[in-house]
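First up is the structure itself, then whatever we jot down about it.
Computed from the coordinates by the stated procedures, all read-outs in this text should not be read as laboratory data. It should be emphasised that the depicted structure is a prediction, and the values quoted were computed from it without experimental measurement. Counting neighbours? That spans all protein chains shown, and the Cβs are built from the backbone with ideal geometry, glycine included.
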Amino acid sequence: MSNNPIIVFEGIEGSGKTTLINLLSKYLKKKKKIFIKFREPGGSKNSEKIRKFILNNKSNLNYKTDLLLYLASRSENYEKLIKKNYKKKIILIDRFIDSTIAYQHYGMGINKSLILKINKFILGNIKPDLTFLNLVNKNNLKLRLKKRVNKNKYDKFAFSFYNKVQKGFKKISKNNRKYIIVNSNNSIADNKKLLINTIKKIL
């Protein structure tokens, strides 16, 4: 694995992935490691504009348009963030390729091969070196979403949708050695320990 890997945090809403990526950021700063961190959708200046458009509560975009906007955001991030920092800095990403597969394919039924082809067109051979998949149960998902003050349209789906997406993530991660499964129903302290012990081994 590269000394400057791409590390991705995946999971459905309320699964704790953003908490985990922030914990890793603090650890890397403490260790004086050079890294960049961004989210998808979002990240680069243009990608953040696309994010606001996609997640707007008043948005009534169809699922195909959503997909293409997510991929447009990724294309901007590739050109502005990933390409120039690849193997030069550690790259931390809050959602990436597998979120598109889990949400748009497993959740919304869009053809998987089409998504993979467009990702290949955008990213070439660039893939994550390590992915932390955060899993959450129904009760904690509901509690965490209920506490959110500013909800976007992806925070308001029925549980059946989130269940399909999480099952999709599990299928993607099955027998994949680049995946670390995080049970976000456990304490933050326990998951921080898992995170840091894993990172120590690869850096």
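Computed from the C-beta positions of residue 155 and residue 200, the FRET efficiency with R₀ = 22 Å rounds to 0.05. Dimensions of segment 6-202 along the principal axes, based on C-alpha atoms and rounded to the nearest Å, stand at 44, 40, 34, largest first. Once the Cβ-Cβ distance of residue 26 and residue 176 is raised to the sixth power relative to R0 = 35 Å, the FRET efficiency obtained is 0.85. Summing -39500 (n - 2.57) over the DSSP H runs of n ≥ 4 in the chain and dividing by its residue number, what mean residue ellipticity at 222 nm do you reach, to the nearest 500 deg cm²/dmol? Using -39500 (n - 2.57) per qualifying helix, the result is -14500 deg cm²/dmol. The lysines within cross-link reach of residue 87, meaning a Cα-to-Cα straight distance under 21 Å and a gap of 8 or more places when in the same chain, are 26, 29, 30, 31, 32, 33, 37, 120, 127, 178, 200, 201.
As a ratio to 2.2 N^0.38 Å, the alpha-carbon radius of gyration computed for segment 70-160 takes the value 1.26. Between residue 187 and residue 80, the modelled label-to-label distance comes to 4.0 nm, taking each label 7 Å out from Cα in the direction of the beta carbon.
If one computes the Cα centroid of segment 8-50 and of segment 102-178, what distance in Å separates the two points? Measuring centre to centre over Cα atoms gives 16 Å. Taking every Cα-Cα distance in segment 1-97 and sorting them into 10 Å bins starting at zero, the pair-distance distribution P(r) comes out as 15, 43, 32, 8, 1 percent. Taking 0.36 nm per residue of sequence separation and removing the Cα-Cα distance, the residue 45/residue 147 pair yields an extension gain of 33.9 nm.
Gain on full extension, evaluated as 0.36 nm per residue between residue 33 and residue 138 minus their Cα-Cα distance, stands at 34.2 nm.
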